[in-house]
1. Taking 0.36 nm per residue of sequence separation and subtracting the Cα-Cα distance, how much length would be gained by fully extending the chain between residue 163 and residue 124, in nm to one decimal?
2. What is the sum of charges around residue 56, taking Lys and Arg as +1, Asp and Glu as -1, for the other residues whose C-beta is under 12 Å from the C-beta of residue 56?
3. Sorted by accessible area (1.4 Å probe), largest first, how do 161, 56 line up?
4. Just want to confirm a number: the relative contact order over the chain, from Cα pairs under 8 angstrom separated by 6+ residues, in percent.
5. Go from 0 up to the bin containing the longest alpha carbon distance in segment 130-187, width 10 Å each, and give me the % of pairs per bin.
6. Put one equal scatterer on each alpha carbon of segment 1-106, apply the Debye formula with no solvent term, and list log10 I(q)/I(0) at q = 0.20, 0.23 1/Å to two decimals.
7. Given springs between every Cα pair under 10 Å in a Gaussian network model of the chain, which of 27, 157, 135 has the largest fluctuation?
8. For the chain, what D do you get in µm² per second when you plug the Kirkwood radius from alpha-carbon pairs into Stokes-Einstein at 20 °C and 1.002 mPa s?
Amino acid sequence: EYDVLTYQGYFHYFDEQAMTDPMVVDTGLDGSAKTMVNKFTARAIEEFEKANLELKPTAWSFDAVVDAIAKMDLEAEDGLFLLISPADQAKFRKALKDDLKYSEGFVRTGYIGSVCGVPVIVSKAVPENKGYLATKDAVTVFIKKDTEVEQDRNPDTRDNKFWIRKVAVVALTDATKAVKITLTPGV
């Protein structure tokens, strides 16, 4: 059972600000959109956390990635990805230095390489000592109401307000397509 949630971004500016800096409105809309995407991402991580399949290695390693893939019991390993936190990025790179395959074209997007053909993606939404190996089928975003923008303006103060919202459900739709990896150092 899931709740339908409203994801909303808000910003305001004064006419004088827009006259001084013509990018105020574009920057405000962009920031609001990013806020909504970050909320969707945080909800997706909450759903990955509900995965039934779990692995508790003591550290990041090639074997940990292989074991996580094996837990999924897939016919084909296409479409897999691994999410890790920025706090684990250095540990991950050091532990898998010879096994991590780099791809220059994706470095700008948060992709730090691949292990066993699985792209590794760093996200601030992932907690430290956690990782999620999954396919896109694991978590789904059901858009219930597409993006709507609402504006209000006070002509006396020249204050402009914008609300951007989207109504959606973020749900774990296939628990067999995600493995929750929890590092347990010292165990």
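The values are calculated or read from the model by the stated rules, or taken from the named source; none is laboratory data. As the structure is a prediction and not an experimental result, all values here were calculated from the model. Positions of Cβ are generated from backbone atoms using ideal geometry, with glycine treated the same way; all protein chains shown enter the neighbour counts. Note: accessible area is taken over every heavy atom of the protein model, side chains too, but ligands, DNA and RNA are not part of it. Shrake-Rupley method; radii C 1.70, N 1.55, O 1.52, S 1.80 Å.
1. Once the chain is fully extended between residue 163 and residue 124, it gains 11.5 nm.
2. Charge balance near residue 56 sits at +1.
3. 56, 161
4. Relative contact order here is 36 percent.
5. Calculated over all Cα pairs of segment 130-187, the distribution is 18, 24, 21, 17, 13, 6, 1 percent.
6. Taking Cα atoms of segment 1-106 as identical point scatterers yields -1.16, -1.31.
7. Looking only at 27, 157, 135, the biggest GNM fluctuation is shown by 157.
8. Reported coefficient: 115 µm²/s.
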